[in-house]
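> Pasting a structure below so you can have a look.
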Amino acid sequence: MSKKQFKAESKRLLDLMIHSIYTNQEIFLRELISNASDAMDKLCYLSLTNDKVSVNRDELAIKIIVDKELNTLTISDNGIGMDSQALEDNLGVIGKSGSLTFKNDMTETEVTPNDIDIIGQFGVGFYSAFMVSESVTVISRAYGSDTAYKWVSSGEDGYTIVECEKSSFGTDIIMKLKPDTDDENYSRFLNEFTLRGLVKKYSDYIRYPIKMDVEKTRAIESNDSANDNDNAPKYETYTENETLNDMIPIWHKPKSEVTDEQYNQFYKEKFFDYEDPISRINISTEGVISYEALLFIPSRTPHNYFTKEYEKGLQLYSSGVLIMDKCSDLVPEHFRFVRGVVDSQDLSLNISREMLQQNRQLQVIGSSIEKKINRELTKMLENDREKYQEFFKHFGVQLKYGIVNEYGAHKDNLKDLILFYSSTEQKPVTLAEYISRMKEDQKVIYYACGETITKIDRLPQTELFKDKGYEVLYLTDEVDDFVMNILREINGKELKSVNSSDVIDKEDSETAQVKTKENKDLFDFMKESLSGKVKEVRISEKLKSHPVYLSSDGSISLEMEKYFAQMKSEDHMKADRILELNAQHPIFTMLKNAYENDKERAKKISEMLYQQSLLIAGFPIEDPTAYTDLLCELLGG
Ligand code: ADP
């Protein structure tokens, strides 16, 4: 029989296991029990969605079988089982938990502390059996199949799969333990007391009974007391098939009985994260619909978060029985990063998937959950700003999209949760905080958009606001401009871009208008020579030391134009551009002179100023070579 080889990355994980680099060997039991429990979940789930599958939940159990003579430990389940292909696919390559990518090169054989760290944080799955075993045999029969298969491996040299006998569906994992050495005592894993302790420690909340034959003693009652000289009670030993775990899911337990570490461990294993969550929400409510939920906010965006692969949703249980893996109705789109479980005794087990989706009860639970998440985030924002900022770094954009989506339907719920960088505080602030600091004469909330904080800070049009001591919110996310447009105002305070034409004092604005009028001929000439590239040329009231900037008029801002350009949307939306000039700047005097004496030169200066305004606004200039030629020409005379 030829041996098959493990895939490269599996081999590496296996190497780590076999050589027991990771010292916490005992976790192998937790991993195998968790796999067994998953396999039974899968079977139950199948029975909900497929009429041909009927399962009696009460008969599902995990068995731990000790054979001291053969030096084997067996974990047996009557779950969904595996056919030969599944054995090949699942055990020949790295499992889901193993989808961790080693940070260093796979071909490297040396083990780094980094690897060990990863193993410690992740569940390592099935391969952990090799930490304590010299060989592992998996006998499995898939539900609904008559044929069983045996997978055998002693680790590094590959594995074999052959047909075999098995009386019922499910999987037996038989581990032949490594012989004890001076340093390592593997046989402790055959010890009842040790096994019982490990089940309690790691797998107590598994919702199927974990059974083991245990030795017990009992007193023998003697009826024949007259003939009994000896009054001492007599005992006999007997074997009892005992359930070791208390089977209460972690979310059913009172909070006081579960440690943070246990909650975090549960989260990491269940949702395949290797970092603790940044926040946890325990919910237990009774009302029209009673439910319990255990929700987690991850501490960072999952690697596939922004791909189609990432599905939002919470795991849904009905009285401890899994009925849906990712129920998307339970979390709104803007909180799609929240992971967790929801359990309600009020939901029927027999509802099919389709019906579930429309279930009104789910909507009730969903909206209650939304409120709780909102409250939790508000609490974090108020009480632990640093933590909130960290959260916001990862999921802030999601909240902002939540404001924009569905034409602002959720904006009132989310507006207090968003942060923007403040020019004066030099850190992210809420809109309410901004309002609380507004000057007496200040009517609107100012913001400026750009690529980075530094770039925005250097924008000519923000200079005046800073000078006058106004706080300006610096917006660097693409969606920000849309957020401001949807919000429009907060507590009666309008949100206005520093680019808008009506954000300045009336007096300043009138002076600028007068000056614009005075130069009407020049500006008409410029508009014409720029042949339609700008809608208007005018004197700006906002410029102080810089010569020029580009603003826009109408409902599409320059930032939106950039956004749409990036989206490569069909109808390429363009902002109406306005070239704003500084009447105090020497270049303006030069322009005026040229207009009077040399129209060709005035045309060139206009072109140069326009191109410069594009650069400042963060647009590519249309023809860089022509632009540099033009500059040289102008400098040359
Ligand atoms: P993970 O459980 O994290 O996916 P494992 O390496 O532990 O990774 O297992 C790989 C896969 O093997 C599982 O996803 C599952 O499909 C299958 N498997 C493991 N143990 C069992 C079992 N007892 N019954 C059925 N399938 C199993």
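> Would you mind pulling out the separation of the Cα centroids of segment 593-637 and segment 233-263, in Å?
If you average the Cα positions of each part, the centres end up 80 Å apart.
> Taking a ≥ b ≥ c as the square roots of the Cα gyration tensor eigenvalues, with a/c under 1.5 meaning rounded and otherwise prolate when a/b beats b/c, else oblate, which class fits segment 278-419?
On the way: a/c = 1.75, a/b = 1.60, b/c = 1.09.
Cα axes put segment 278-419 in the prolate bin.
> Fewest first, what order do His303, His334 take by the number of other Cβ atoms within 10 Å?
Listing His303, His334 from fewest to most nearby Cβ atoms yields His303, His334.
> Give the relative contact order (percent, whole number) for the chain; include only Cα pairs under 8 Å separated by 6+ residues.
Working: 1047 pairs, mean separation 49.9, N = 637.
Relative contact order, the chain: 8 percent.
> Hey, another quick one. At 7 Å along the Cα-to-beta-carbon direction for both Asp384 and Lys574, put a label point, then send me their distance in nm to one decimal.
My value for the distance between the label points is 5.1 nm.
> Sticking with this structure for a sec: Taking each pair of different alpha-carbon atoms in the chain once, compute 1/r for the pair, average those values, and report the inverse of that mean as the Kirkwood hydrodynamic radius in Å to one decimal. Walk me through the numbers on the way to the answer.
Numbers: mean 1/r = 0.0331 Å⁻¹.
Hydrodynamic radius (Kirkwood, Cα pairs) of the chain is 30.2 Å.
> Could you tell me which helices of the chain pass both thresholds, a Cα extent of 20 Å or more along their own axis and a mean Kyte-Doolittle hydropathy of at least 0.5, with helices taken as whole DSSP H runs? Intermediate values should be presented prior to the final figure.
Details: long enough: 27-49 (33 Å, 0.52); 360-383 (35 Å, -0.70); 385-408 (31 Å, -0.85); 599-617 (27 Å, -0.38).
Result, helices passing both filters: 27-49.
> Related question: Just how large is the dipole of the chain about the Cα centre, in debye to the nearest 20, putting +1 at every Lys and Arg Cβ and -1 at every Asp and Glu Cβ? Intermediate results must be reported in sequence, preceding the final value.
On the way: 80 positive and 110 negative charges, 316 e Å.
With Lys and Arg at +1 and Asp and Glu at -1, about 1520 debye.
> For Gln566, put the label point 7 Å out on the Cα→Cβ axis and report which residues of segment 390-417 keep their amide N under 18 Å from it.
393-405
> Continuing with the same structure: Looking at segment 240-324, which GluC sites (Glu not before Pro) are DSSP coil and have at most 12 other C-beta atoms within 10 Å of their C-beta?
Details: sites: Glu240, Glu242, Glu257, Glu261, Glu269, Glu275, Glu286, Glu292, Glu309, Glu311; in loops: Glu275, Glu286, Glu309, Glu311.
Counting only loop positions with at most 12 other Cβ atoms within 10 Å, the GluC sites (Glu not before Pro) in segment 240-324 are Glu275, Glu286, Glu309, Glu311.
> To continue, here is another question. Computed FRET efficiency, Cβ-Cβ of Asn231 and Ser54, R0 35 Å: what is it to the nearest 0.05?
On the way: r = 56 Å, r/R0 = 1.60.
Step by step, r from the Cβ atoms, then E = 0.05.
> Let me ask something else about it. Grab the Cα-Cα distance for Glu286 and Asp89, subtract it from 0.36 nm times how many residues apart they are, and report the gain in nm with one decimal.
Working: separation 197, 0.36 × 197 = 70.92 nm, distance 4.42 nm.
Answer, rounded to one decimal: 66.5 nm.
> Mind listing the Cα extents of segment 168-296 along all three principal axes, in Å, largest one first?
Projected onto its principal axes, the Cα set of segment 168-296 covers 69, 50, 35 Å.
> May I ask you to derive the relative contact order of segment 353-444, considering only C-alpha pairs under 8 Å and at least 6 residues apart, and to give it as an integer percent? Could you put the intermediate results ahead of the total?
On the way: 53 pairs, mean separation 14.6, N = 92.
About 16 percent, as a whole number.
> Another one. Mind listing the long-range amide H neighbours of Ala61? Cut-off is under 5 Å, sequence gap 5 or more, other chains count too, H placed in the peptide plane at 1.01 Å from N.
It is Asn78, by chain and number.
> Taking 25 Å as R0, compute the FRET efficiency from the Cβ-Cβ separation of Lys393 and Gln363 and round it to 0.05. Before the final figure, lay out the partial values.
On the way: r = 31 Å, r/R0 = 1.26.
About 0.20, to the nearest 0.05.
> What number comes out for the charge environment of Val429, summing +1 per Lys or Arg and -1 per Asp or Glu over other residues with Cβ under 13 Å away?
Computed value for this residue: -1.
> Non-local amide H neighbours of Ile323 (under 5 Å, H modeled in plane, Pro and chain starts lacking H): which ones?
It is Leu316, Tyr317, Ser318, by chain and number.
> Here is a follow-up. What are the ³J(HN,Hα) values, in whole Hz, obtained from phi via the Karplus relation 6.51 cos²θ - 1.76 cosθ + 1.60 with θ = phi - 60°, for each residue of segment 158-174 in sequence order, with x given for Gly and Pro?
Result, ordered by residue: x, 8, 10, 10, 9, 6, 7, 9, 7, 6, 9, 5, x, 9, 10, 9, 10 Hz.
> By count of other Cβ within 10 Å, fewest leading, how are Tyr291, Tyr610 ordered?
Numbers: Tyr291 25, Tyr610 22.
The most exposed by this proxy come first: Tyr610, Tyr291.
> Just flag the GluC sites (Glu not before Pro) in segment 165-200 sitting in loop per DSSP whose Cβ has no more than 15 other Cβ atoms within 10 Å. Write out the running numbers ahead of the final one.
Values: sites: Glu165, Glu184, Glu192; in loops: Glu165, Glu184.
Here the GluC sites (Glu not before Pro) that fit, given the DSSP loop and packing criteria, are Glu165, Glu184.
> Could you compute the FRET efficiency for Val321 and Thr217, with r as their C-beta to C-beta distance and R0 at 45 Å, rounded to 0.05? Could you put the intermediate results ahead of the total?
Working: r = 37 Å, r/R0 = 0.82.
Calculated value: 0.75.
> Still on this model: Compute the distance in nm between two label points, each set 7 Å from the Cα along the Cα-to-Cβ direction, one at Asp553 and one at Lys42.
For Asp553 paired with Lys42, the spin-label model returns 6.6 nm.
> I want to check the label-to-label distance for Lys443 and Ile65. Put each point 7 Å from Cα in the C-beta direction and report it in nm to one decimal.
Taking the simple label geometry, Lys443 and Ile65 are separated by 8.4 nm.
> Give me the mean projected area, in nm² to one decimal, of the convex hull enclosing the Cα positions of segment 519-582. Write out the running numbers ahead of the final one.
On the way: hull surface 20.4 nm².
That works out to 5.1 nm².
> While we're on this one: What shape does segment 484-532 have by the C-alpha gyration tensor, where a ≥ b ≥ c are the square roots of the eigenvalues, rounded means a/c under 1.5, and otherwise prolate means a/b greater than b/c and oblate the rest? Each step should come with its number before you reach the end.
Values: a/c = 6.22, a/b = 1.88, b/c = 3.31.
Oblate is the answer for segment 484-532, as a/c is 1.5 or above yet b/c matches or exceeds a/b.
> Going by C-beta contacts inside 10 Å, put Cys44, Cys449, Cys164 in order with the fewest on the left. List each step's numbers first, then the result.
Details: Cys44 20, Cys449 26, Cys164 14.
Fewest-to-most ranking of Cys44, Cys449, Cys164: Cys164, Cys44, Cys449.
> For segment 362-404 and segment 48-93, what is the separation of their Cα centres, given in Å?
Measuring centre to centre over Cα atoms gives 40 Å.
> Hey, can you rank 80-91, 516-527 by average C-beta count inside 10 Å, highest first? Could the numbers behind the result be given before it?
Working: 80-91: 18.7, 516-527: 16.1.
Taking the mean over residues of other Cβ atoms within 10 Å, the ranking is 80-91, 516-527.
> Write out the GluC sites (Glu not before Pro) in segment 576-629 meeting two conditions: DSSP loop, and at most 12 other Cβ atoms within 10 Å of their Cβ.
On the way: sites: Glu580, Glu596, Glu600, Glu607, Glu622; in loops: Glu622.
In loop regions of segment 576-629 (DSSP not H, G, I, E or B), the sparsely surrounded GluC sites (Glu not before Pro) are Glu622.
No lab work stands behind these numbers, since they all come straight from the coordinates. Predicted model, so just to flag it, every value in this text is computed and none were measured. For neighbour counting, all protein chains shown are included, and Cβ atoms are generated from backbone atoms with ideal geometry for every residue, glycine included.
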